[in-house]
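The values are calculated or read from the model by the stated rules, or taken from the named source; none is laboratory data. On a predicted model such as this, the values are computed, not experimentally measured, just so you know. A quick note on method: Cβ atoms are made from the backbone with ideal geometry, for glycine too, and the neighbour counts reach across all protein chains shown.
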Amino acid sequence: MEGILSYLTTFIVVVGTVILMILVRFFFRNTVESSKKWPYQRQLLTAGIVLLGLFLSIGFLPLDQLVKNQILSVLGILLSAVIALSSTTLVGNAMAGIMLRMMHEFRGGDFIEVDDLIGRVTDFSIFHTEIQQVNRDVVSIPNLLLMQKAVKVTRRDGTFINLAVSLGYTVDHIQAEEALKGAALSCKLSDPFVFIEEFLDHAVRYRLYGLLEEPMERLSKTSELHKVVLQTLHEKGIEIASPRLTDRREFEKAEQYIPKTSKHSKTPPKKEPVVEEKVFDKADEAQSLEDLRQVYEKLTKKQEAMKNGDDKAQKANLGKEIKEVTQEIAQLEEQKKEE
């Protein structure tokens, strides 16, 4: 009778563990998970429930106490081995993913650079980070690599884009700086400035900086800046000596390496579509999801602050906004799963 009761107790513990896991999954599926407070709540809570249920099940089994102690000792050794192997790839990536989430270095939709990889973050999981490159391909980077490498994150409130150009020593530096700044302003870049970086054997290297207030257009604006600089310098009769001007043919001293002006060069170029709208579709979805989560967090804080207030109409409107944002987040998450 005592053995049957022990088996029944173990069965109840197992069933209770499964029910708790289902409830946790249901709770986090129907509420917005706030990754700012503590990342991976559902995964960590589920793992804790499974471990607790496992130890309780073993404790209630109708076995000799010595056998129970041996089983629990083996489980303890296994858990210790997992922790000791945290430097290995799998567990190391998981720990790196948790650290990256807690540090809030970047989030979905951000531009990042790692070594030679440049792209926008589309997914940020516990083991890897996924970025979408300019050719629309998606690259998966282990989180452990992101912890070991220097990661450059483009600020969302604006970033300075730049280009380097070499101009001959015969060009007055004031004239060169004015031309370069004018090119940056033509591209709608604010606060342009020019550095003289280096005196080369054949030319002077200038570097132009301009503040781009919409960093999501970084690639297309950088290309546009190169085009406008090229056109501006040619129109002002300034010869470009980048990267090195060499030619074995004999020219007159007054001859310059500038293309002749054609009728097409004076007509304004056609407005080209923004490249980022085509190549970073998945990153845009990730950014929209992150933005909605931030909006949800602000609205819930506002709702908490108004909890003791008397304005029922404002409370109702706020509750309606929270419900709409929650539905949008659920739709985007469902689309992301389907993709």
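Summary table
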{"quantity": "Matching residues in region 74-94 - criterion: being among the hydrophobic types (A, V, I, L, M, F, W, C) and farther than 14 Å from THR129 by Cβ", "calculated": "VAL74, LEU75, ILE77, LEU78, LEU79, ALA81, VAL82, ILE83, ALA84, LEU85, LEU90, VAL91"}
{"quantity": "Hits in region 175-190 - residues which are out of contact with any helix residue (DSSP H, G or I) (no Cβ under 9 Å at 6 or more places or on another chain) and either closer than 20 Å to GLY158 by Cα or among the charged types (D, E, K, R) (or both)", "calculated": "GLU177, GLU178, LYS181, LEU185"}
{"quantity": "LYS181 being at pLDDT below 90 and either of a type outside the set (Val, Ile, Thr) or in the same structural domain as GLU285 (by TED's automatic domain parsing) (or both)", "calculated": "no"}
{"quantity": "Lone qualifier among ILE112, ILE126 - being within 18 Å of PRO215 (Cβ to Cβ) and either touching a Phe, Trp or Tyr at 6+ places or on another chain (Cβ under 8 Å) or part of a strand (DSSP E or B) (or both)", "calculated": "ILE112"}
{"quantity": "Test: residue in region 154-173 that is outside any strand (DSSP E or B), in contact with a Phe, Trp or Tyr (Cβ under 6 Å, 6 or more places away or on another chain) and at pLDDT below 90", "calculated": "yes"}
{"quantity": "Members of region 90-131 found to be at pLDDT 85 or above and aromatic (Phe, Trp, Tyr), listed by number", "calculated": "PHE111, PHE127"}
{"quantity": "Checking GLU328 against (1) farther than 22 Å from HIS104 by Cα; (2) of a type in the set (D, E, K, R); (3) at pLDDT 80 or above; (4) surrounded by fewer than 14 Cβ atoms within 10 Å (Cβ to Cβ), the condition it does not meet", "calculated": "(4)"}
{"quantity": "Enumeration of residues in region 92-137 that are in contact with a strand residue (DSSP E or B) (Cβ under 9 Å, 6 or more places away or on another chain), surrounded by fewer than 16 Cβ atoms within 10 Å (Cβ to Cβ) and more than 23 Å from ARG293 (Cβ to Cβ)", "calculated": "GLU113, LEU117, GLN133, VAL134, ASP137"}
